[in-house]
Amino acid sequence: GKPRISILSIAHLSEAERMFFVTILLNEVLAWVRTQSGTSSLRALLYMDEIFGYFPPTQAPPSKKPMLTLLKQARAFGLGVVLATQNPVDLDYKGLSNTGTWFIGRLQTERDKLRVLDGLEGAMTGGGKSFDRRRMDAILSGLGKRVFLMNNVHEDHPVVFSTRWVLSYLRGPMTREEIKLLMAPRKAEQEKAPAKKVRATARPPEVAKAKVDRPVLPAGIPERFQNLRDPLEEGESLLYKAALYAEGRLHYASTRSKVDLWKTVSFEAWFTDEAKGPDWEDSTVQEDPTDLDLSDTPQEQGRFDALPAKASHKKSYTSWRNFMKRHLYENHPLVLFKNADHKLISEPGESESAFRVRVVEADREARDLQIEKLRTRYAPKLARLEERVRKAEARLDKEEEQYAEKKRGSLISFGTSLLGALFSRKKASSRNVSRAGTALRSADRAAKEKGDIRRAKADLEKYQDDLKHLEAEFEEEVEVLSERLQATAVELDEVLVRPRKSDITMDDPMVIWKPWRVGGRSKGEPAY
């Protein structure tokens with residue numbers, strides 16, 4: 001349920017070794033990307049720090065081509081690429097134009113700034129957005145410490161933000177000796193672990209007293225001898241114990257589970273001293289038959305354990321083969337995993353953890369699709385309110401301008417009438433009275449304009465509040481969708497697909513003599 005992360009440090013390598021490793025890594029990531037289905041959601045992130053030298057503008061090192069291919073194509077398959085460098089001029093312009101999100105800090109040289117402006121212009125115009133080069137130049141020139149410009153091609157405008165003040169101790173990369181010291185406890189644990197697990201899940205039963213002569217099998221029954229893993233030590237002797245080896249082919253077919261698979265199953269069972277012969281209930285499945293390391297002849301110094309009486313009759317092997325077919329049908333179903341929410345079913349051979357990752361990706365894609373539908377549903381409402389806010393702001397500006405004009409007019413009219421009344425020969429002439437009336441009417445109109453300003457401000461505040469509430473409502477619904485993905489556990493059901501009984505085929509069984517160490521310090525243990 002947690003993000004998986006792999007950190008690859010190449011600080012201790014030489015320049016040639018670094019280039020070699022990075023090139024191989026990028027090509028492996030590119031090969032993985034091409035095996036994925038297309039998606040609009042993020043599946044993984046490839047982050048590379050200090051990209052200098054691996055993606056230059058003029059030279060063509062082996063790491064450049066896969067990196068450029070990832071920048072151009074990987075987003076369609078759910079892989080995001082994050083690159084970091086101190087100087088943008090170190091990066092190829094084709095890569096810059098294919099980068100959708102930029103985080104730009106202080107640029108020390110004019111050349112770096114010009115490269116960033118060229119890259120931003122290409123990215124914005126390529127996405128159908130307008131680009132104000134002069135304004136962007138002014139923003140980049142005014143960035144301070146810990147202040148960054150974020151430019152996203154999917155947004156209309158860039159955003160300037162500052163990071164929190166942090167104290168970091170940049171000691172530098174670890175040395176080889178420090179890495180050795182750090183890994184010492186883990187290496188010690190691995191050395192204490194057993195070197196190799198024995199494939200047999202059960203020890204063979206103690207049969208009759210071991211004898212030197214090799215038991216004789218019925219005609220037509222093949223037998224092989226498994227080679228020793230390590231030479232015998234002093235005082236040890238070799239004892240061969242018999243197991244019956246069988247190989248069958250199963251056909252799993254189910255339309256509902258979308259499965260049509262042929263599978264070969266190889267397994268072995270120890271002979272018992274009971275009348276029923278091999279113990280198939282305690283058999284061991286062989287994932288890779290080539291691991292058996294068989295030969296046609298036994299070791300000269302080997303002794304042989306006795307076989308049960310039924311192993312001397314050829315008819316027993318025929319009945320054992322028929323029993324094995326029933327055993328395969330009943331005990332070897334194909335186990336698949338199913339998620340009912342997304343109607344997904346695992347592929348044959350896909351592990352539970354890998355299938356869970358696929359279900360989580362489907363959850364994320366469904367969530368992203370719901371968020372996009374939500375954004376589409378809210379877009380017209382947001383656009384209408386933003387237009388109302390814009391018109392209310394324009395109306396407020398107009399009313400304030402008219403108020404200022406009326407205020408100036410009333411002051412001029414009042415001053416004129418006042419001067420006329422003071423300096424005119426006829427203090428109460430009709431002209432002076434008319435001027436005074438005009439000044440009063442002008443002051444009344446100015447007061448009315450002030451009321452219009454209050455109403456325009458109230459309308460603007462209302463529309464702004466409505467816009468904030470709608471944006472908060474949208475963000476709340478997005479958060480609910482995101483929390484639902486995190487809170488919901490991935491529920492899986494097991495689906496058993498049994499093989500078709502009519503299609504099961506069995507090869508003739510074969511006796512394998514398996515070597516055991518006896519005597520010396522060993523009380524009897526496998527030597528294969």
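Computed quantities for the displayed model
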read-out: Probe 1.4 Å - accessible area at I139, Å² to nearest ten; value: 40
read-out: Length added when fully stretched, T264-S40, from 0.36 nm per residue minus Cα-Cα; value: 76.8 nm
read-out: Under 11 Å from the D156 label point (7 Å along Cα→beta-carbon), backbone N, the stretch 464-483; value: none
read-out: Contact order relative to length of the stretch 1-140, as percent, for alpha carbon pairs under 8 angstrom and 6 or more apart; value: 21
read-out: Förster radius 56 Å - calculated FRET efficiency between E223 and R484, Cβ distance, rounded to 0.05; value: 0.35
read-out: Efficiency of FRET from Cβ geometry, A31 and T109, R₀ 41 Å, rounded to 0.05; value: 0.60
read-out: Per-selection metrics, the stretch 15-153 (Cα): Rg and Dmax in Å; value: 15.7, 45
read-out: Sequence of S97, S6 from largest to smallest accessible area, 1.4 Å probe; value: S6, S97
read-out: Under 12 Å, Cβ to Cβ, from T35 - net charge with Lys/Arg +1 and Asp/Glu -1; value: +1
read-out: Share of carbon and sulfur in the accessible heavy-atom surface of the stretch 48-90 [1.4 Å probe, %]; value: 55
read-out: Nearest-10 value in Å² for the accessible area of W32, using the 1.4 Å probe; value: 100
read-out: Contour minus Cα-Cα distance for D368 and A458 (0.36 nm per residue); value: 28.6 nm
read-out: Sites T58 and T376, calculated FRET efficiency, Cβ-Cβ separation with R0 51 Å, nearest 0.05; value: 0.70
read-out: Most to least packed among 257-270, 363-376 [average Cβ atoms within 10 Å]; value: 257-270, 363-376
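The values are calculated or read from the model by the stated rules, or taken from the named source; none is laboratory data. On a predicted model such as this, the values are computed, not experimentally measured, just so you know. Don't worry about glycine lacking a Cβ; one is built from the backbone with ideal geometry, like all the others, and counts go over all protein chains shown. The accessibility values were calculated without ligands, DNA or RNA, using every heavy atom of the protein model including side chains. Shrake-Rupley method; radii C 1.70, N 1.55, O 1.52, S 1.80 Å.
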